[in-house]
Amino acid sequence: MTAGINRLQVNLENVRGRMAAACERSGRPRGDVTLVAVTKSVGPEVADALADLGVADIGENRVQDAIAKSREMNRTDAVRWHMIGHLQRNKVRRALELFGLIHSVDSVRLAAEIDRVAGPQGHVMPALLEVNVSGEERKFGLRPEETAEVIREISAMDHISVEGLMTMAPFGASEAELRRVFAGLRALSERIASLGIPRVRMQHLSMGMSQDFEIAIEEGATMVRVGSALFV
Ligand SMILES: *Cc1c(COP(=O)(O)O)cnc(C)c1O
């Protein structure tokens with residue numbers, strides 16, 4: 001385990017260093033970009049070790065797995081939990097028990113369920129809207145052209161607040177295609193921000209994973225979701 005933690009620390013320092021370099025290349029302050037460490041492939045002891053190494057944001061893509069993992073952790077309260085996978089409406093109640101930010105809201109119906117469940121708790125749930133920028137068929141996510149209207153509808157709900165957008169780049173895409181996707185999400189975010197929809201603050205762009213987080217930062221990401229690069 002000691003060797004494992006040393007390895008984890010080296011990988012984490014490597015990712016943080018690459019994030020800092022990407023910020024510098026693009027003239028952005030390092031504090032602009034948050035590392036969300038995606039722990040879906042590792043156990044609670046590794047997630048605890050990440051928290052001990054100063055990682056404050058943990059991402060998971062399945063509600064039940066995340067809750068089970070968090071219960072076995074000592075440091076679960078030291079981190080903010082990010083829901084990054086597709087969220088079914090029947091899992092919303094459990095999701096709200098743990099997650100501090102949902103990156104994957106992709107319909108008015110899902111947002112309405114979050115609003116309904118959060119309401120009695122007097123809670124306003126921060127959320128990002130997942131957008132399918134690349135247009136791949138199998139992906140979840142809103143079409144870019146419908147996103148502003150969906151946000152307008154969600155902005156009328158009292159217990160969910162839209163804080164930005166999220167996207168997944170196609171697997172194995174070329175650098176040019178990655179840049180097109182990430183720049184497309186950023187342009188969409190700026191366009192929506194310019195509409196001045198009440199209560200909507202387009203402050204986050206969640207984009208970039210192990211293979212492409214540096215490019216995503218260069219194109220404006222404020223949150224990168226990195227898993228495998230931490231656990232090689
Ligand atoms: C697994 C996952 C990640 C992290 O992917 P890596 O390639 O392991 O960095 C990021 N975002 C989502 C939505 C994921 O499911």
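The values are calculated or read from the model by the stated rules, or taken from the named source; none is laboratory data. If you're wondering where the values come from, they're calculated on a predicted model, not measured in any experiment. Positions of Cβ are generated from backbone atoms using ideal geometry, with glycine treated the same way; all protein chains shown enter the neighbour counts.
Worth pointing out:
- Consider region 186-205 and keep the residues that are closer than 23 Å to His159 by Cβ and of a type in the set (S, T, N, Q). The one that is nearest to the chain's Cα centre (by Cα) is Gln203.
- When we screen Glu214, Glu136, Glu153 for residues that are out of contact with any Gly (no Cβ under 7 Å at 6 or more places or on another chain) and away from the ligand (no atom under 16 Å from the Cβ), the only hit is Glu153.
- Within region 60-79, if we keep just the residues that are among the basic types (Lys, Arg) and more than 16 Å from Gly227 (Cα to Cα), the residue that is surrounded by the fewest Cβ atoms within 10 Å (Cβ to Cβ) turns out to be Arg71.
- Subset tally (residues that are under 17 Å from Arg225 (Cβ atoms) and touching a helix residue (DSSP H, G or I) at 6+ places or on another chain (Cβ under 6 Å)) for region 23-41: 4
- For region 103-151, residues that are at pLDDT 95 or above, hydroxyl-bearing (Ser, Thr, Tyr) and over 22 Å from Arg80 (Cβ atoms) total 2.
- Subset tally (residues that are touching a strand residue (DSSP E or B) at 6+ places or on another chain (Cβ under 7 Å) and either part of a strand (DSSP E or B) or surrounded by fewer than 23 Cβ atoms within 10 Å (Cβ to Cβ) (or both)) for region 216-229: 7
- Some residue of region 50-66 being part of a helix (DSSP H, G or I) and either under 27 Å from Glu153 (Cβ atoms) or among the aromatic types (Phe, Trp, Tyr) (or both): yes
- Selected residue (only one of His159, His123 is touching a Gly at 6+ places or on another chain (Cβ under 6 Å), surrounded by fewer than 20 Cβ atoms within 10 Å (Cβ to Cβ) and not aromatic (Phe, Trp, Tyr)): His159
- Failed item, numbered, when Phe171 is tested on (1) loosely packed, with under 13 Cβ neighbours inside 10 Å; (2) at pLDDT 95 or above: (2)
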